[in-house]
1. Considering region 143-158 alone, what residues qualify as being more than 15 Å from the ligand (Cβ to nearest atom), within 17 Å of the chain's Cα centre (by Cα) and open to solvent by 10 Å² or more (accessible area, probe 1.4 Å)?
2. Is it the case that A30 is of a type outside the set (D, E, K, R), out of contact with any helix residue (DSSP H, G or I) (no Cβ under 7 Å at 6 or more places or on another chain) and either closer than 21 Å to L155 by Cα or assigned by TED's automatic domain parsing to the domain that holds A144 (or both)?
3. Confirm whether G140 is more than 22 Å from A25 (Cα to Cα) and surrounded by 18 or more Cβ atoms within 10 Å (Cβ to Cβ).
4. I'd like to check something: does region 26-48 contain any residue that is crowded, with 18+ Cβ neighbours inside 10 Å, within 16 Å of the ligand (Cβ to nearest atom), touching a residue at least 60 places away in the same chain (Cβ under 8 Å) and under 23 Å from the mean Cα position of the chain (by Cα)?
5. Looking at region 175-186, is at least one residue under 25 Å from L155 (Cα atoms) and at pLDDT below 95?
6. Please tell me if R23 is surrounded by fewer than 16 Cβ atoms within 10 Å (Cβ to Cβ) and among the basic types (K, R).
7. Tell me the residue from E130, E228 that is open to solvent by 40 Å² or more (accessible area, probe 1.4 Å) and not assigned by TED's automatic domain parsing to the domain that holds A30, please.
8. Could you look through region 97-136, keep only residues that are of a type in the set (V, I, T) and over 17 Å from the mean Cα position of the chain (by Cα), and pick out the one that is nearest to the ligand (Cβ to nearest atom)?
Amino acid sequence: MRVEVLTLFPELVQQLTTVGIPRIASESGALTLVTRQLRDFSGNRWNRVDERPFGGGPGMVMQPEPLAQAVAAARQECGAKAPVLVMSPQGERFDQQWAERLAKEPAWIVVCGRYEGIDERFLASEVTAELSMGDFVLSGGEIAVMAMVDAVTRLLPGVLGDAESAVTDSFSAGHLDHPHYTRPVNWRGKPVPDVLLSGDHKAIAQWRLANALGQTWLKRPDLLAGLELKASHHMLLREYLSEYASQWLDK
Ligand code: SAH
C-alpha cells in the first residue's frame, strides 16, 4: 500500500515508520509512506503556502493552488483512482470501518491542514472525503494522519505477526476485544480466571466471547445497539450479565 501525505511537516509524519508495526511494514514493503513538503509546490521564492483570510479574522489559511499541485504530483504515482482525503475536525469520524476500507486501497493521498485550515475551494474540488479523529481541534493534521496510517497498516496482510489478533481486536466484529491476562497467575491477591488456565480451548473461546460482549454492554452499549446478535451470543451475554449482576448485588 502506498500512502502519500502532503504536509508542512514531513519529518514528523515519517517518524511513524521508525518504530513498531509501521516500521516492520515499511521494511517489508507492505507500506510505502511517501511525504511531500507542501512548500515545494508554493510557486514562489519564499515557499509560502498560506495567506490571510478574506473577510478578516485571526490566523492564516492554506492556499488552494499549492495543495492542488501537490495532489497532482501524488496522483502521478498513485493513479487517478486513488482517494484524496483531508484531515479535518469537520470531517466524517475515522473509525475501524474506514481503516478496513483504506486497507483495501492500493494507494491513497492525504492532506494535512495547519493554521485556520484550508481554502474551501480546494475542499470542494479535489477531495474524496474529509476525515476527523474526533470532536477536538488539533493544531495540524499530521498526528491525525499518523494515527490513521497506523490503524490501516496493522490490517495489511502479513503485517501483524499473528493474523488472528486483528480479527479479535475491538470493533472488527462490531464489539470490543475480550479482557487479556498474563503472568503472574496471582497478582496482588487477584487471580487469573480459572478457565484461561484450563487448556480447554472451546471453553476459553466461549469465555472470551461472553466477556467481549459483556464488556461492550458495560462500556459501549451504543456498539451493541447497532449489532444483530446471534441467538448463541444473546445467551452468552445474558449469562454474563446475570453473573455480573449477582456479583454486584453480593458486594
Ligand atoms: N479552523 C478549523 C480548525 C483548524 S486546525 C476548524 O475549526 O474547523 C488545523 C488543522 O488541523 C486542520 O486543517 C486539520 O487538518 C487538522 N485537525 C485539527 N483537528 C482535527 C481533528 N479532530 N481531526 C483531524 N484533523 C484535525
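1. R154, L155, L156, P157, listed by residue number.
2. Considered against the rule, which asks whether it is of a type outside the set (D, E, K, R), out of contact with any helix residue (DSSP H, G or I) (no Cβ under 7 Å at 6 or more places or on another chain) and either closer than 21 Å to L155 by Cα or assigned by TED's automatic domain parsing to the domain that holds A144 (or both), A30 comes out as yes.
3. Spelling it out, it is not the case that G140 is more than 22 Å from A25 (Cα to Cα) and surrounded by 18 or more Cβ atoms within 10 Å (Cβ to Cβ).
4. For region 26-48, residues crowded, with 18+ Cβ neighbours inside 10 Å, within 16 Å of the ligand (Cβ to nearest atom), touching a residue at least 60 places away in the same chain (Cβ under 8 Å) and under 23 Å from the mean Cα position of the chain (by Cα): absent.
5. No, there is no match, as no residue in region 175-186 is under 25 Å from L155 (Cα atoms) and at pLDDT below 95.
6. Yes; evaluated as a whole, the condition is true for this residue.
7. None of the other options fit; the residue is E228.
8. Taking the candidates together, the pick is I118.
The values are calculated or read from the model by the stated rules, or taken from the named source; none is laboratory data. No experiment lies behind these values; they were computed from the predicted model shown. Because the Cβ atoms are built from the backbone with ideal geometry, glycine has one as well, and the counts that use them run over all protein chains shown. For the accessible areas, the whole protein counts, side chains as well, though only heavy atoms, and no ligand, DNA or RNA atoms are used. Shrake-Rupley method; radii C 1.70, N 1.55, O 1.52, S 1.80 Å.
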